[in-house]
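Here is the structure we will look at.
The values are calculated or read from the model by the stated rules, or taken from the named source; none is laboratory data. None of these values were measured; they are calculated from a predicted model. All Cβ positions, even for glycine, are placed from backbone atoms using ideal geometry, and neighbour counts span all protein chains on display. Areas reflect the complete protein model, heavy atoms only, side chains present, ligands, DNA and RNA absent. Shrake-Rupley method; radii C 1.70, N 1.55, O 1.52, S 1.80 Å.
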Amino acid sequence: MKIKVLIRSLVLLAGLAAWTADTAWGQASTHRPSSRGGAAAGRAAVEQSGKDDAVETVDLGDKKKDSDTASGEQEGVAAAPEMPRETEKEQNGLDSLSLIPSLGGGRLDAAREAHTSTRPSARTMALLIPAPRGPILDRNGEPLAVTSVAYQLALRFEIFENPDRSRVVEFGRNCLEQAKKIAGKAWSFSDEQLWKHYEHRRWLPLPLTNVIRAEEAEKLKDKVKSVRGLQLLPIYIRSYPEKEIAGHIIGYVGSKGKLPTGPINHMDPLWEQVEGRAGLEKEFNKNLTGTPGVWRLMFDEDGNKILDELQIRPKPGGAVVTTLNLKWQKDAERILSRGKRRGAMVVLDCVTGEVLVMASTPSYDPNMFIPNISQKDYDALRNDPAGPLGARAFQGRYPPASTFKVLTVASALRNNKITENTLVYCPASVTIGNHVFKNWSKTPLGDINCVRALAMSNNPFMYQMGLKLGAEALMDTARAFGLGERTGLPIPDDPGLVPTSDYMIRNYKRDFMSGDAANLSIGQGTLLVTPLQVAHMMSGVANGYLPRLQLIKQIQDGNANVVYAPKPQEVQRPLPAYERALSSVRKGMREVVEAGTGGRARLSYASIAGKSGTAQWGPEREDKRLAWFAGFMPCDNPRFAYVVLYEGRAHERLGGGLPPLPS
C-alpha cells in the first residue's frame with residue numbers, strides 16, 4: 001500500500017473524529033534555503049516514484065562550492081540585503097540602493113583619515129550588519145519560516161554647514177509631512193528627538209515605519225525618490241509563508257532591543273536584530289542565528305562618504321529541517337478547522353518515531369508578531385474563547401476516555417489477572433460501594449473476553465479489571481507507555497497527569513479507593529493526557545516498544561553542513577513484559593473497526609486498528625463532550641500511529657457512531 005494512499009485514510013479519520021466516538025458514556029512565499037539548492041534536491045528525492053516519502057532523508061547541502069571561495073562565505077553576500085550607498089552628497093529612494101557595498105571601496109591614506117577625525121562634522125564608524133536568519137523547513141525542504149528583504153521608510157538628514165536647531169527641525173518636519181502623504185500614516189517625533197538624532201546620528205537614517213514589504217516598496221520607490229531627505233532602508237524580516245499552518249510548532253521571533261538613539265557607538269546595528277520567542281524559533285535560536293558582518297564608513301565634514309567598505313560579510317544562520325510533512329499537516333488542519341471546530345491530530349511514524357503531523361485548531365498566524373504585534377491584536381488572541389494560542393496537540397490536557405481501555409486490558413493480561421480466553425460476565429452496571437457504575441447500554445452483554453470487550457468498549461468489563469488490578473498497578477502501566485511525562489521533543493509539551501498515592505493524599509486527603517480504580521480503568525477521574533502522548537502510547541501498542549520521538553530531521557550550519565541528525569529508529573523504552581498482552585490488545589483494536597464501535601472508520605483499501613472514546617469534560621455547566629479516535633495502521637505491519645481529538649460544543653451530543661447533533 002503506497003504511503004500517500006495510507007495518509008488519505010488518516011485524513012479521513014480526522015473527518016470522522018466528531019462522530020466515531022465510543023458510545024460508552026463517561027468516557028513558508030517559496031524559499032530556497034540560502035541559495036544552496038538543497039531544498040530542490042530534497043524535493044527531487046521524494047518525487048521519485050516508488051520512494052517512501054515518510055522516511056526520505058532530505059539533503060539540503062549543495063556540495064558544489066563557488067570557485068572563488070572555499071569557506072562558503074560568498075553565500076552570505078548573495079543572501080544579504082541591499083545597502084544604501086550614495087555616490088553623491090545625498091541620494092534617495094530604492095534605486096539608490098545596491099547589493100552589499102563593494103570591497104573595492106577605496107582605502108584612505110593615514111593623513112586623510114586623520115584629517116576627518118579632527119573635523120566636527122566628519123565621522124568614522126564601524127556598524128554591525130545583522131545576518132539573515134536560517135530557514136525552518138519541512139522534511140521535503142518546503143519552507144515553514146524564511147528570511148526576506150523588506151524596507152523601512154527613513155528620514156535622511158542633510159549635513160548643514162552651520163546646523164541650527166530650528167533649521168534641522170524644520171527639515172525633519174517637512175520630510176515627515178511628505179512621508180505621511182506617501183505612506184498614508186503619521187509618525188510622532190518631537191522636536192527634541194529630531195534634533196538629537198541630527199546631533200548624534202546625522203550620518204545614519206532615522207527609520208520611520210516598522211516594515212514595508214518588498215512589493216509595496218516597489219510601488220513607493222518613485223515617490224520616495226522624489227523627496228529629498230527620504231529613503232527606503234533595507235532590512236531583513238522573518239516571514240511564515242504557510243501562515244497559521246504549524247504555527248504552534250514553528251513559533252515566532254521578536255526584537256532583541258530598540259535601535260540606539262544616542263551617540264553612535266562602535267558596532268551599533270544597522271537595524272533591529274531578532275531572536276526566537278516561541279516554538280522552534282526559540283528552541284533553536286542559536287542554530288538559526290547567523291554571524292553578523294561589519295560595515296565601515298567614513299564621512300568628511302560635508303557629509304560626503306569617503307570610505308565605504310564591507311570588512312566582514314554577514315554569514316547566514318543554519319537550517320532546521322523538521323520531520324513534518326507539510327502537505328499532510330495542511331490537510332489535517334484544513335479538515336479539523338471545518339466549521340471552526342476545535343481539535344487536534346497527530347500522526348507518528350511507528351518505525352522511526354518521527355512526527356509527521358501535529359495539528360491544532362484553531363491556530364494563529366505567526367506573521368502577526370512580525371515585526372511586533374499590537375496590544376489590541378494580542379489581547380484579541382489571548383481573550384479568544386477558542387484559545388488559538390494554545391497548542392491542543394501537545395499542550396491540551398484531556399481525560400483519555402476509552403482510548404485508555406487498551407492499557408487497562410494490557411495491564412490485566414500482563415499482571416495475569418486474565419488471559420485472552422478468560423470470560424467475564426458483564427452486566428449493564430456494576431455497584432461499587434454506594435455508587436453505581438453504568439455501561440453505555442442498558443442491556444447486559446453477558447460473558448465476553450477481553451478482545452470482545454475492547455471491540456464493544458464495554459465499561460463493566462473494564463471496571464472489574466480495575467478492581468482486580470488496583471489503581472496503582474493500572475497507573476504503573478500508564479507510565480510504562482509514556483503517560484505522565486514529557487515526550488522529549490524540543491517543544492513545550494505538557495506532561496499530563498498520572499496520579500499516584502502521594503498525589504491523592506496531597507490533593508484529596510485520601511489514598512486511592514475502589515471507585516478511583518473503576519474510573520481510571522475507563523480513562524476518567526484524575527488521569528489527564530495530551531493527544532501527542534496518546535499517539536505515542538499507540539506506537540508502543542503497535543510496536544511492542546516506545547520509539548524515541550523525533551521532530552528534527554537535520555540541523556545544518558550556514559554552509560549547509562549537517563551538524564545534527566538523530567539516531568535512526570531509536571528505542572525510548574522496550575516493553576518485553578507486555579509482548580503477549582499486546583498481541584491480544586491488537587486483535588481487540590482491529591475488531592473495534594471491523595465489528596465494533598469504530599465501524600465508520602473501516603476502509604476497503606487499508607486495515608486500521610483503532611479505539612474510540614467519549615468523555616464529559618470542562619465545567620459541568622457547559623455540558624460539553626470530548627471525542628477521540630486513536631490507533632495505528634496497517635494492522636499487520638504497523639507504520640503509522642495516529643490520534644484525532646474533537647472538542648464538542650456546548651450541549652452537542654457525541655457517540656453511538658452518529659454525526660454530532662445539537663440537543
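Taking (1) open to solvent by less than 20 Å² (accessible area, probe 1.4 Å); (2) in contact with a Ser or Thr (Cβ under 8 Å, 6 or more places away or on another chain); (3) in a loop (DSSP other than H, G, I, E, B) in turn, Pro241 satisfies each apart from (1). Residues that are part of a loop (DSSP other than H, G, I, E, B) and within 18 Å of Met513 (Cβ to Cβ) were ranked within the stretch 425-471; the one that is least open to solvent (accessible area, probe 1.4 Å) is Gly470. Taking the criterion of being open to solvent by 10 Å² or more (accessible area, probe 1.4 Å) and hydroxyl-bearing (Ser, Thr, Tyr), the residues of the stretch 183-238 that qualify are Ser188, Ser190, Thr209, Ser226, Tyr236.
From the list Leu137, Leu127, Leu176, Leu155, the one residue that fits, being crowded, with 17+ Cβ neighbours inside 10 Å and in contact with a Cys (Cβ under 8 Å, 6 or more places away or on another chain), is Leu155. Considering the stretch 309-355, the residues that are touching a Lys or Arg at 6+ places or on another chain (Cβ under 6 Å), open to solvent by less than 20 Å² (accessible area, probe 1.4 Å) and assigned to a strand (DSSP E or B) include one that is farthest from Asp636 (Cα to Cα), namely Glu309.
Residues in the stretch 272-290 include at least one that is part of a loop (DSSP other than H, G, I, E, B), aliphatic (A, V, I, L, M) and either buried (at least 16 other Cβ atoms within 10 Å of the Cβ) or out of contact with any strand residue (DSSP E or B) (no Cβ under 9 Å at 6 or more places or on another chain) (or both). Please enumerate the residues belonging to the stretch 488-502 that are in contact with a strand residue (DSSP E or B) (Cβ under 9 Å, 6 or more places away or on another chain) and either open to solvent by 20 Å² or more (accessible area, probe 1.4 Å) or of a type in the set (Val, Ile, Thr) (or both). Gly488, Pro490, Ile491, Asp494, Leu497, Val498 - these are the residues of the stretch 488-502 that are in contact with a strand residue (DSSP E or B) (Cβ under 9 Å, 6 or more places away or on another chain) and either open to solvent by 20 Å² or more (accessible area, probe 1.4 Å) or of a type in the set (Val, Ile, Thr) (or both). Within the stretch 403-453, the residues that satisfy the criterion of being among the small types (Gly, Ala, Ser), modelled with pLDDT under 95 and within 30 Å of Val643 (Cα to Cα) are Ala428, Ser429, Ser441.
Taken over the stretch 247-266, the residue count meeting the criterion of being open to solvent by 80 Å² or more (accessible area, probe 1.4 Å) and farther than 14 Å from His197 by Cα is 3.
Pairs meeting the criteria (first residue in the stretch 153-171 and closer than 17 Å to Lys305 by Cα, second residue at pLDDT 90 or above and of a type in the set (Lys, Arg), beta carbons under 8 Å, at least 6 apart or on different chains) are Glu158/Arg228; Phe160/Arg167.
Take the conditions (1) modelled with pLDDT of 90 or more; (2) farther than 30 Å from Ala542 by Cβ; (3) under 20 Å from the mean Cα position of the chain (by Cα); Gly290 misses just one of them, which is (3).
For (1) in a loop (DSSP other than H, G, I, E, B); (2) within 27 Å of Glu570 (Cβ to Cβ), each residue gets a yes or a no:
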{"position": "Leu489", "(1), (2)": "yes, yes"}
{"position": "Pro499", "(1), (2)": "yes, no"}
{"position": "Arg506", "(1), (2)": "no, no"}
{"position": "Gly525", "(1), (2)": "yes, no"}
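Of the residues in the stretch 455-465, at least one is in contact with a Ser or Thr (Cβ under 6 Å, 6 or more places away or on another chain) and modelled with pLDDT under 95.
Look at Gly523 and say whether it is small (Gly, Ala, Ser), crowded, with 18+ Cβ neighbours inside 10 Å and within 29 Å of the chain's Cα centre (by Cα). So Gly523 passes the test. Looking only at residues of the stretch 356-396 that are of a type in the set (Ser, Thr, Tyr) and either part of a loop (DSSP other than H, G, I, E, B) or closer than 27 Å to Gly610 by Cβ (or both), we find that the one that is most open to solvent (accessible area, probe 1.4 Å) is Ser374. Whether any residue in the stretch 165-177 is in contact with a helix residue (DSSP H, G or I) (Cβ under 7 Å, 6 or more places away or on another chain), of a type in the set (Phe, Trp, Tyr) and closer than 25 Å to Ala122 by Cα is what I want to check. No: zero hits.
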